[in-house]
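The values are calculated or read from the model by the stated rules, or taken from the named source; none is laboratory data. Worth saying up front: this structure is predicted, and the values here are computed from it rather than measured. Here Cβ is always computed from backbone atoms with ideal geometry, including for glycine, and neighbour counts include all displayed protein chains. These area figures cover heavy atoms from the full protein model, side chains too; ligands, DNA and RNA do not enter into them. Shrake-Rupley method; radii C 1.70, N 1.55, O 1.52, S 1.80 Å.
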Amino acid sequence: MDERTLRILEFDKILNKLLGLASSDLGKELVEEIKPEKDYKRIEELLRETNDGVSCIMRRGSPPLSGIHDIRASLKRVDIGGLLNPGELLKIADTLRAARNLKNYANENMDGTGSNIVVELISCLEMNRRVEEKIKLCIVNEEEISDYASPALADIRRKIKDKQNSIKDKLNELVKSPKYQKFMQDSIVTMRGDRYVIPVKQEYRSEIQGLVHDASSSGATIFIEPMAVVEANNSIKQLKIKEQAEIERILYELTADVAEIAVNLKSNISILAKLDYIFAKAKLSTEYNCVCPKLNNNKKIVIKKGRHPF
């Protein structure tokens, strides 16, 4: 079928509608590849896919397709020994959950109903709840690793918090004491970089022993780290280094867990893309009350009460 005919039929508008019904970029990719088919067996297969998708929707409602991500780039990085970041790991966990949710959907939906392409595809999905839940336990969001990721990380963070509270208590006591209050621009404890400091009036610089880290734009205020807390601030810096090392160790461990199931994940991605594509077709079919045509090899076309979807 030539491009002019497709344009007259407004085939592009049908595809755009179908794109809007796909839940993932993976499904949309397959939609964008659609062209009119000529092969009888292939057409038969594609119509059966849609029919089976409609059957699932009519029996159980719309399938749970949220959480399907394109994780192919992440899996390539795993293949070459790269480290996955928290955001990538969360997407992998989401995709594993999507596979599990579809398994549950199929089990509840189609028991004893005979052959169904959609159910057969779902049966090929591989679940791994251990990896899925481990990632969710360890990672809060794309920027934050949970305290529950390891006992070592929780211990390091507890020590950091204790040190920080100790420093703030010492500095609050200093800025609010009658002896030093007149030297302060404000009775607050603030930070410059990763160091706790206090705002001191420029003219009283010599009254507070410590390290100068910054000054206000006017120069009237300087931010001093009193000598009394320098060692504690240094301890926090060392603990932060340990924290980062432990976070990296956790990410390597989670990446290794993903590497062990990478083959299954690659298979899942292909199946999930196909399922999203099929269900998009099925949703379009139900939305417009479409009827599956009966095929023949006799070059015979009979259209009864036919209409363009739009």
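For the chain, what is the calculated [θ] at 222 nm in deg cm²/dmol (nearest 500), taking -39500 (n - 2.57) for each run of four or more DSSP H residues and dividing by its residue count?
On the way: 12 runs with 185 residues, N = 310.
Here the helix-only value at 222 nm equals -19500 deg cm²/dmol.
Quick one: order 274, 281, 41 from most to least accessible surface, probe 1.4 Å. It would help to have the intermediate numbers written out before the result.
Details: 274 50, 281 30, 41 140 Å².
Listed by decreasing accessible area, they come as 41, 274, 281.
Just to verify a number: FRET efficiency for residue 242 and residue 83, C-beta to C-beta distance, R0 = 25 Å, to 0.05? Don't skip to the answer; put the middle values down first.
Details: r = 18 Å, r/R0 = 0.73.
Efficiency for this residue pair is about 0.85.
Might you tell me the accessible area per residue for region 1-143, computed with a 1.4 Å probe and given in Å²? The partial results should precede the final answer.
On the way: 8020 Å² over 143 residues.
Roughly 56 Å² per residue, with all protein chains present.
Protein chains only, probe 1.4 Å: how do 66, 146, 216, 23 rank by accessible area, largest first? Each step should come with its number before you reach the end.
On the way: 66 85, 146 15, 216 35, 23 60 Å².
Reading off the accessible areas and sorting them downward yields 66, 23, 216, 146.
How do 225, 133 stack up against each other in accessible area, from largest to smallest, with a 1.4 angstrom probe?
On the way: 225 0, 133 95 Å².
The most accessible residue leads, giving 133, 225.
Taking the full set of protein chains and a 1.4 angstrom probe, give the accessible area of residue 286 in square angstrom, rounded to the nearest 10.
Residue 286 exposes around 50 Å² with every protein chain in place.
Just the number, please: carbon plus sulfur as a percent of the accessible area of region 158-310, 1.4 Å probe, no ligands or DNA/RNA counted. Intermediate results must be reported in sequence, preceding the final value.
Values: 4740 of 9380 Å².
Taking all protein chains in place, region 158-310 shows 51 percent carbon and sulfur surface.
FRET efficiency for residue 5 and residue 38, Cβ-Cβ distance as r, R0 = 22 Å, nearest 0.05?
Details: r = 13 Å, r/R0 = 0.61.
Efficiency at R0 = 22 Å is approximately 0.95.
When the dipole is taken about the Cα centre of the chain, and only Lys, Arg (+1) and Asp, Glu (-1) are charged at their Cβ, what size is it in debye, to the nearest 20? Don't skip to the end; give the middle numbers.
Values: 51 positive and 47 negative charges, 173 e Å.
Here the size comes out at about 840 debye.
Quick one: what are the phi-derived ³J(HN,Hα) couplings along region 74-88, Karplus 6.51/-1.76/1.60 with θ = phi - 60°, whole Hz, x for glycine and proline?
5, 5, 5, 5, 4, 4, 9, x, x, 9, 7, 8, x, x, 5
List the equivalent ellipsoid semi-axes of the chain in whole Å, largest first, each obtained as the square root of 5λ for an eigenvalue λ of the Cα gyration tensor. Can you show the working numbers first?
On the way: eigenvalues 795, 106, 50 Å².
Over the Cα atoms of the chain, the semi-axes work out to 63, 23, 16 Å.
Taking the solvent-accessible surface of protein heavy atoms with a 1.4 Å probe, what is the per residue accessible area of region 258-310 in Å²? The partial results should precede the final answer.
Numbers: 3560 Å² over 53 residues.
I get 67 Å² per residue for region 258-310.
Each residue of region 91-108 in turn: what ³J(HN,Hα) in whole Hz from Karplus with 6.51, -1.76, 1.60 and θ = phi - 60°, glycine and Pro shown as x?
5, 5, 5, 4, 5, 5, 5, 4, 4, 5, 5, 5, 4, 4, 4, 5, 5, 6
Which one of 217, 180, 149 is farthest out on the positive end of the charge dipole of region 149-267, using unit charges on Cβ (Lys, Arg +1; Asp, Glu -1) and the Cα centre as origin?
Farthest towards the positive pole: 180.
Between Rg and the Kirkwood Rh of region 163-262, both from Cα atoms, what is the Rg to Rh ratio?
Working: Rg = 19.0 Å, Rh = 15.4 Å.
Rg divided by Rh gives 1.23.
Extension gain residue 296-residue 140, at 0.36 nm per residue separation less the Cα-Cα distance, in nm? Write down the numbers at each step before the final one.
On the way: separation 156, 0.36 × 156 = 56.16 nm, distance 5.60 nm.
Extending this stretch completely gives an extra 50.6 nm.
With labels modelled as points extended 7 Å from the Cα through the Cβ direction, what inter-label distance (nm, one decimal) is found for residue 123 paired with residue 168?
It works out to 5.8 nm between the two label points.
Between residue 12 and residue 260, what length comes free when the chain is fully extended (0.36 nm per residue of separation minus the Cα-Cα distance, one decimal in nm)? Kindly include the intermediate steps, with their values, before the conclusion.
Working: separation 248, 0.36 × 248 = 89.28 nm, distance 4.16 nm.
Length difference between fully extended and current span is 85.1 nm.
Let me make sure I get this right: for region 67-186, a, b and c are the square roots of the gyration tensor eigenvalues over alpha carbons, sorted descending. Under 1.5 in a/c it's rounded, otherwise prolate if a/b > b/c, else oblate. Which is it? The partial results should precede the final answer.
Numbers: a/c = 4.15, a/b = 3.22, b/c = 1.29.
Taking the square roots of the gyration eigenvalues as a ≥ b ≥ c, region 67-186 is prolate.
Answer rounded, prolate or oblate for region 5-70, using the Cα gyration tensor with square roots of eigenvalues a ≥ b ≥ c: rounded when a/c is under 1.5, else prolate when a/b is larger than b/c, else oblate. Before the final figure, lay out the partial values.
Values: a/c = 1.90, a/b = 1.28, b/c = 1.49.
Note, shape of region 5-70 comes out oblate.
Tell me, in nm to one decimal, what length is gained between residue 205 and residue 253 on full extension, where the rule is 0.36 nm per residue of separation less the Cα-Cα distance?
Details: separation 48, 0.36 × 48 = 17.28 nm, distance 4.92 nm.
This chain segment gains 12.4 nm when fully extended.
Given the protein chains as shown and a 1.4 Å probe, how many square angstrom of residue 127 are accessible, to the nearest 10?
For residue 127, solvent-accessible area is about 100 Å².
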